[in-house]
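Asker: One structure, pasted below without further comment.
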Amino acid sequence: MAQGTHDFAHDPRNESILINVNGGLVPRSEATISVFDSGFMLGDGVWEGLRLHRGEVAFLDDHLDRLFEGARAIAMDIGLTRDELATRIRDTLVGNAMLDQEGVHIRLMVTRGIRSTPYQDPRVVVSPATIVIIPEFKAPLPSTIETGIRLFTVHVRRGDPAVQDQKLNSHSKLNCITACIQATQAGADEALMLDPQGFVATCNSTHFFIVRKGEVWTSTGDYCLGGITRSNVIRVCREQGIPVFEKNFSLTDVYGADEAFVTGTFAGVVPVTEVDGRVLTQGRGAMVERLQGLYRELMDRNVADA
């Protein structure tokens, strides 16, 4: 059975969580939005996935930077300041008695608000932005971190930024969903996606790296989301003197790599053991294990400074 980086063990505590809908905490079973909401109707909004670590949201400033930048890019008024939004996130965690817990993941979603009629023009919006915060007891499976995942290269490409800029973390994720479906039907865990020129870009929900002769390679970033974990892995490589390059490379380079891995907020650094049936490693390699440790240390430092 396929095992993606977002797989997790069921936690019965999630059945009774309180979800923040526009500033009010409501039980999971009662958390609703309008059918006229811009996110439901058109995928019009931006979102962030956040990880609670030692009582603080890891890399919160970076996530808020990306959220507010995305909102500005689509001319959407979030309606709260950064500090007000950070307070609302913390109030949600306090309301769920989560601040002293590990293994908490938060989905923060902001849409343009309620429309008066089903139509794409933002001028028909008749409410402030809709802000939903869903905190869950959800940690990556240890087996995912240790034994890794398998990727399949799909035909769905990362789009030209003139069509839909892949740097925008919007609710419109249909290209990633179709990529995920194709990879799953091929028996893999996640999809590896190419850019319009045929170079390796990213995965459907994570960022992709390879290791060749002691060097760490990732894409140029031109056709992928500005990943927080991706940038932090690049950061720790540079801090530790590990050669790291953002560059164009092809599937030939991937098939001949010594190791590969993906990054994301939910699971951190996850080994990739197989790409398109080519076995790269059995479990995690030495570089991946080292980067997992360095990333955890960086996260520790970040929350300690919060």
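Asker: Could you please let me know if T202 is part of a helix (DSSP H, G or I), within 18 Å of G148 (Cα to Cα) and not hydrophobic (A, V, I, L, M, F, W, C)?
Answerer: On the way: part of a helix (DSSP H, G or I): no; within 18 Å of G148 (Cα to Cα): yes; not hydrophobic (A, V, I, L, M, F, W, C): yes.
No, not satisfied.
Asker: Just wondering, is there one or more residues in segment 3-12 that are of a type in the set (S, T, N, Q), modelled with pLDDT under 95, not assigned by TED's automatic domain parsing to the domain that holds A267 and not in a strand (DSSP E or B)? Before the answer, list the steps.
Answerer: Going through segment 3-12, the residues of a type in the set (S, T, N, Q) turn out to be 3, 5.
Keeping just the survivors that are modelled with pLDDT under 95 gives 3, 5.
If we keep only those that are not assigned by TED's automatic domain parsing to the domain that holds A267 too, we end up with 3, 5.
Remaining after also requiring not in a strand (DSSP E or B): 3, 5.
Within segment 3-12, one or more residues are of a type in the set (S, T, N, Q), modelled with pLDDT under 95, not assigned by TED's automatic domain parsing to the domain that holds A267 and not in a strand (DSSP E or B).
Yes/no per residue for (1) in a strand (DSSP E or B); (2) at pLDDT 95 or above:
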| site | (1), (2) |
| --- | --- |
| E84 | no, yes |
| I89 | no, yes |
| V94 | no, yes |
| M98 | no, yes |
| Q101 | no, no |
| R107 | yes, yes |
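Asker: Now a separate question. I need a count of the residues in segment 172-199 that are small (G, A, S) and assigned to a loop (DSSP other than H, G, I, E, B).
Answerer: 5
Asker: Any residue in segment 211-229 that's under 21 Å from G70 (Cα atoms): show its pairings with residues that are hydroxyl-bearing (S, T, Y) and in a loop (DSSP other than H, G, I, E, B) at Cβ separation under 7 Å, as long as the two are six or more apart or on different chains.
Answerer: Sorted first by the residue in segment 211-229, then by its partner, the pairs are I228/T265; T229/T265.
Asker: Being more than 22 Å from E146 (Cβ to Cβ), at pLDDT 95 or above and buried (at least 23 other Cβ atoms within 10 Å of the Cβ) is the requirement here; does A260 meet it?
Answerer: Details: more than 22 Å from E146 (Cβ to Cβ): no; at pLDDT 95 or above: yes; buried (at least 23 other Cβ atoms within 10 Å of the Cβ): yes.
Spelling it out, it is not the case that A260 is more than 22 Å from E146 (Cβ to Cβ), at pLDDT 95 or above and buried (at least 23 other Cβ atoms within 10 Å of the Cβ).
Asker: Return a yes/no flag: does segment 47-56 have any residue that is in the same structural domain as I134 (by TED's automatic domain parsing) and either assigned to a helix (DSSP H, G or I) or β-branched (V, I, T) (or both).
Answerer: Keep residues of segment 47-56 that are in the same structural domain as I134 (by TED's automatic domain parsing), which gives 47-56.
Next, from what is left, pick out any that are either assigned to a helix (DSSP H, G or I) or β-branched (V, I, T) (or both): none.
Within segment 47-56, none of the residues are in the same structural domain as I134 (by TED's automatic domain parsing) and either assigned to a helix (DSSP H, G or I) or β-branched (V, I, T) (or both).
Rundown of residues vs (1) exposed (fewer than 15 other Cβ atoms within 10 Å of the Cβ); (2) of a type outside the set (V, I, T), yes/no style:
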residue: N96; (1), (2): no, yes
residue: D121; (1), (2): yes, yes
residue: T130; (1), (2): no, no
residue: F137; (1), (2): no, yes
residue: P140; (1), (2): no, yes
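The values are calculated or read from the model by the stated rules, or taken from the named source; none is laboratory data. Here the structure is a predicted model, which means the values were calculated and not measured. For neighbour counting, all protein chains shown are included, and Cβ atoms are generated from backbone atoms with ideal geometry for every residue, glycine included.
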